[in-house]
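Just so you know, all these numbers are worked out from the coordinates, no wet-lab data involved. Computed from a prediction, not measured in an experiment: that's the story for all the values here. Because the Cβ atoms are built from the backbone with ideal geometry, glycine has one as well, and the counts that use them run over all protein chains shown.
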Amino acid sequence: MAPLSAVKVEPVRGRVSEEEWKVRVDLAACYRLVALNGWDDVIYTHHSARVPGDENHFLINPFGLKFNEITASSLLKLDVEGNKLLESPYDRLLQGFVIHSAVHMGHPDAHCVMHTHTPAGTAVAAQKNGLLPVSQKALRFYNRIGYHDYEGLADDLEERERIVKALGSNSALILRTHGLLTIGKTVASAFETMGFLEDACETQLLAQSGGAELIMPSPAICEHTAAQYCSDDLTNVEMEWDAHLRMLDRIDPSFRD
Amino acid sequence: MASVRDQVSEAEWQTRVDLAAAYRLIARNGWDDGIFTHNSARVPGTADQFLINPYGLLFEEITASCLVKVNMDGTLIDADEDTDIIDAGFTIHSGVLEARPDVQSVMHTHTTAGMAVSAQKDGLLPLTQKSLRFYNRVAYHDYEGIADDLDERERLARDLGDKSSIILRNHGLLTAGSTVAEAYDLLRRLEHSCAAQVAAQAGGGELTIPSAEVCEHTARQYDSSGNNQKSSEATFAAYKRSLDRDDPSYAT
């Protein structure tokens, strides 16, 4: 199979720190995995990562590329206002970036921010009761997810503060009428959280088919399970991420370019 | 990794190949869940040893040689220091294999359709021919949290009773067979039944359910056909030929 990426950009590996390069490879892998899972939305939505050692600099997708075309070198490096710090033939979608930069700046631990518009995520976002504790996967978010009311396309800079407030100390946020957002200390962690949330949303919709009566564990079991998830260290996340990277390498290693 | 073929009995090797094939088939069908969930098979000729996936591999990466041998106490046998298995997997699989000497293989998934039906109060409905195989023949186990409590094994075994399939509430599906092929065949039928159920329920259209007599009659046809073993073996052999054409590395 020919590599998916036919996009030619100047390699930047020699022009950035080794730590930044590693984050670039992980973020490019994240875009490829989102595309493989069908969580992408043509050329829209974003996944961003903080540049190691430069807390006000961020990596994000070049606007116009499909997620399966993104490579480590093609990612844009922007400052908090959205100015490009390395030249690139590509531009950025400013309105998306301001949401991401706001979340990064509002949460020191948010080294990666992911955002999707999947039908399942958007559907649960449209349900008044939001995410229900109907599956083991959903219990990870039991009383541990924020909600942000819809205000229109996110071009109002004042909305940034309200998004940060709605996220609070959680790692996941449901954007009403709009989609999902997760954060993580690493790209791997934000991706793992997004995978749980996406599966939880899809399962909820399937379980609700036709208005079937649902079973939900007691609040005590829900809280117990959520605490079990919280006590997990990062080992699982890194192990799972390595497995994902091995899969991408078998399919098309061009994300590493 | 190095092949263990020369270090195990021929019967164990065949079980390893079949179990690795089941992992590959589950991955191919999209019933896998990253590096989580697990499928097991008892080591032939033993009562207290079984094979399960090493923690950290995708199902598409599983081979006959990489499967980990573990006993009912959770002790890994002939494993190197870096090898680990998932605690919750050990709890669930040892619980079923210890309680049911007739069971040789156990499969467990977290598919969205399976989790969805597990969350519905009425559970699996007799909506399709495939689901009638499970008519009054599928068990339910209430959710208790992530399965890291070994005491849950007793409750799981009690809820399963003498059945071959169990719906883990708010969690997923589990099937048990007298061979890997049979456990996989049951899983395939249960997955299809759940996917068909949520598809049929979409939109809340009125559903047609056969009479109780027809449901029971059909279930008994499945019970007594005597061909389940034969058909599951024939089906599984066909699937292995398909895997052999795609990527025969599972059998290494």
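Projected label points at B:Thr83 and A:Arg162, each 7 Å from Cα along the beta carbon direction, are separated by 5.7 nanometres. Here, the range B:5-251 has an Rg and a Dmax of 17.6, 58 Å when only alpha carbons are counted.
Cβ crowding within 10 Å, taken as a proxy for footprinting-reagent exposure, orders B:Arg137, B:Arg189 from fewest neighbours to most as B:Arg137, B:Arg189.
Any idea what the dipole of chain B comes to, in debye rounded to 20, about its Cα centre with Lys/Arg Cβ at +1 and Asp/Glu Cβ at -1? Mind dumping the intermediate values first?
Numbers: 23 positive and 39 negative charges, 235 e Å.
About 1120 debye.
Taking the Cα centroid of the range B:174-227 and of the range A:8-54, what is the distance between the two, rounded to the nearest whole Å? Between the Cα centres of the range B:174-227 and the range A:8-54 lies a distance of 44 Å.
Of all complete DSSP H helices in chain B, those with a Cα span along the helix axis of 15 Å or greater and a mean Kyte-Doolittle hydropathy of -1.0 or more are B:10-28, B:87-99, B:180-201. Axis of helix A:235-251 versus longest Cα principal axis of chain A: the two differ by about 60°, to the nearest ten degrees. This model, with +1 at the C-beta of Lys and Arg and -1 at the C-beta of Asp and Glu, gives chain A a dipole about its Cα centre of some 240 debye. Here's the picture: charge each Lys and Arg Cβ at +1 and each Asp and Glu Cβ at -1 in the protein assembly as shown, and of A:Ala110, A:Trp241, A:Val134 the one pushed furthest to the positive end of that dipole is A:Val134.
Modelled spin-label separation between B:Ser211 and A:Thr177, with each label point placed 7 Å from Cα along the Cα-to-Cβ direction: 5.3 nm. Neighbouring Cβ atoms from other chains, within 10 Å of the Cβ of residues in B:114-125, number 6 on average.
Can you classify the range A:93-185 as rounded, prolate or oblate using the Cα gyration tensor, where a ≥ b ≥ c are the square roots of its eigenvalues, rounded means a/c under 1.5, and otherwise it's prolate if a/b beats b/c and oblate if not? It would help to have the intermediate numbers written out before the result.
Values: a/c = 1.91, a/b = 1.33, b/c = 1.43.
In terms of gyration-tensor shape, oblate.
Taking label points 7 Å from Cα along the Cα-to-Cβ direction, A:Ala227 and B:Arg220 give a separation of 5.1 nm. Between A:Leu85, A:Leu59, A:Leu153, the residue with the greatest mean-square fluctuation in the GNM of chain A (Cα pairs under 10 Å linked by springs) is A:Leu153.
Indicate the gyration tensor shape class of the range B:95-227 (rounded, prolate or oblate), computed on the Cα atoms with a ≥ b ≥ c the square roots of the eigenvalues: a/c under 1.5 is rounded; otherwise a/b larger than b/c is prolate and the rest oblate. Oblate is the answer for the range B:95-227, as a/c is 1.5 or above yet b/c matches or exceeds a/b.
Going from the residue with the fewest nearby Cβ atoms within 10 Å to the one with the most, A:Asp257, B:Asp162, B:Asp247 rank B:Asp162, B:Asp247, A:Asp257. Of the residues A:Ser48, A:Ser209, the one with the fewest other Cβ atoms within 10 Å heads the list, and the complete ranking is A:Ser209, A:Ser48. Specify the angular offset, from 0 to 90 degrees and rounded to the nearest 10, of the alpha carbon long axis of helix A:94-106 from the longest principal axis of the alpha carbons in chain A. Roughly 70 degrees between the two axes. Charge tally around A:Ser73: other residues with Cβ under 9 Å, Lys/Arg +1 each, Asp/Glu -1 each, net 0.
Other residues lying with their Cβ under 12 Å from the Cβ of B:Leu57 contribute a combined charge of -4, Lys and Arg counting +1, Asp and Glu -1.
The antiparallel fraction among DSSP beta bridges confined to the range B:5-251 stands at about 90%.
Taking the charge dipole of the range B:1-125 about its Cα centre, with +1 at Lys and Arg Cβ atoms and -1 at Asp and Glu Cβ atoms, the residue from B:His38, B:Asn71, B:Leu124 reaching farthest to the positive side is B:Leu124.
Centre-to-centre separation between the Cα atoms of the range B:5-27 and those of the range B:116-160: 27 Å.
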